[in-house]
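K.L.:
I have a structure I would like to understand better, so I am pasting it below and will then ask my questions one at a time.
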Amino acid sequence: MDRRWIRRQCIGKGSFGAVNLAVETSTGQFFAVKSVNLNSSPPQAAVALENEIRVLRSLDSPNIISYLGDDFTEEPFSDEACRNLHLEYLAGGTLANAAASGKICERKVRAYTRSIVRGLQYLHSTAGFVHGDVKGRNILLGSSIGVAKLSDFGSARKISGAVEEELFRGTPLWMAPEVARGEAPTPASDVWSLGCTVIEMSGGALSPWGNTWAGAAAEMHRIGFTDVSPEFPSSLSEIGHDFLSNCLSRDPSKRCSCDELLQHPFLSDAPAITGPSPRSILDWEEVELDFDSTAPSTARQRIRDLETSAAANWDDDGWLTVRRSSAETAEEQGISVAYLDNGREDTAVADVGMSEASGVGLSSGGMECGGDLYAGSRMRTSDIFLIILIACSQILVNSLLFLHVTCFIIFCQLPFFFNK
């Protein structure tokens, strides 16, 4: 696919190449570009990238990184020619980075492992490939919890059939014993590497064998020709240890297939956590949710339970705004006023405690303007008419009373007037 794009910052480096963030000029779409410098990189690097392009073109799984295209470019301001692979961009980084920052809790381990096993199941059973280099650095995480995708297929090969060119055989510390002895990778060797990856993210170590390194030759000899196996993390539950024992048998024939692993309770009973990451001060590891078994199971049912037969009355009956001239008046009426450090009135937020008999209430939201506090409130038109009627009646009564008193005084003075 012919596309015009701009290379942005480097987001990862390998032994022979680099991965950059890129943006397509016509759409603004972000994607990742994996590149090999054809002038300076060894031939094996170009072979691995071509193999990865060939494999990814034939794959289509939500648990495998998506192929978006490939091309050749000549880098500006240099004579470097690059072979580029365009890939889906995942913002969560690698599983290795997540594990290096601290131990991953078991519920996340189970969710990530289930995604990885589903990707391997598709790769083995549907596509007919062996990945050949399953490890934390080759697992990319999405921005949602539980989203993990297989990447880096430079060592992938067909399960059956001759290999035309010699490919990398994976990373020693994640390598299955038979592969360390020089045998061809198989789906069972991917399962061994999967077990090592589970230990990597559960134990928070740099490798499934701990953080020691005796050299590639010594490590491959230990893995391939001794009876040792990686130590299971103590943080994993008993069911997690049982899952690892099904992955890390030194006899390939005794390891479970991906179909069987998906039926294991460690994965089949794993919580589904594919939503966004929590955005509160509480973290998933520290929160235990105890759901009521009698609660509605679906969102539709929960919304239906909120339904009421009472209709809301949104009619406007002519409300009026009532003004309170100062914060002190507001506080007398039950409104709490917040102050900044400099003593200035900043915001008035209600706790409104007006008497119900008054017929007037202040709204919960107030605002400050020039030192005055305005509290939104409204009075019904019928109440205004009633007040006017009472006022007019009072005026009329007072007038009649004044007239009556005047007449009484005049009547009392009449005898004195006539006697004179």
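K.L.:
Enumerate the calculated ³J(HN,Hα) couplings along region 132-144 in order (Karplus 6.51 cos²θ - 1.76 cosθ + 1.60, θ = phi - 60°), each rounded to whole Hz, writing x wherever the residue is Gly or Pro.
P.N.:
Those phi angles translate into x, 7, 6, 6, x, 5, 9, 10, 9, 10, x, 6, 9 Hz.
K.L.:
Can you figure out the FRET efficiency of PHE411 with LEU386, using R₀ = 51 Å and their beta-carbon distance, to the nearest 0.05? Mind dumping the intermediate values first?
P.N.:
Working: r = 37 Å, r/R0 = 0.73.
The computed FRET efficiency comes out at 0.85.
K.L.:
Can you order the peptides 381-392, 220-231 by their average number of other Cβ atoms within 10 Å per residue, highest first? Walk me through the intermediate numbers first.
P.N.:
On the way: 381-392: 10.9, 220-231: 15.4.
Going from most to least packed, we get 220-231, 381-392.
K.L.:
Can you give the three extents of the C-alpha atoms in region 1-89 along their principal axes, from longest to shortest, in whole Å?
P.N.:
For region 1-89, the Cα spread along each principal axis is 35, 29, 23 Å.
K.L.:
Could you put LYS149, LYS103 in order, starting from the residue whose Cβ has the fewest other Cβ atoms within 10 Å? Show your work: numbers first, answer last.
P.N.:
Values: LYS149 23, LYS103 16.
By the 10 Å Cβ count, ascending: LYS103, LYS149.
K.L.:
While we're here: Among the chymotrypsin sites (Phe, Trp or Tyr not before Pro) in region 1-87, which ones are in a DSSP loop with at most 15 other Cβ atoms within 10 Å of the Cβ? Mind listing them? Could the numbers behind the result be given before it?
P.N.:
On the way: sites: TRP5, PHE16, PHE30, PHE31, TYR67, PHE72, PHE77; in loops: PHE16, PHE77.
Of the chymotrypsin sites (Phe, Trp or Tyr not before Pro), the ones in loops of region 1-87 whose Cβ has at most 15 other Cβ atoms within 10 Å are PHE77.
K.L.:
What's the exposure ranking of THR25, THR94, going from fewest to most Cβ atoms within 10 Å?
P.N.:
Numbers: THR25 11, THR94 20.
Ordered from fewest to most neighbouring Cβ atoms within 10 Å, THR25, THR94 come out as THR25, THR94.
Read-outs: derived from the displayed coordinates by stated rules, not from any lab. Keep in mind it's a predicted model, so treat the numbers as computed, not measured. As a convention, Cβ positions derive from the backbone with ideal geometry for all residues, glycine included, and neighbour counts pool all protein chains shown.
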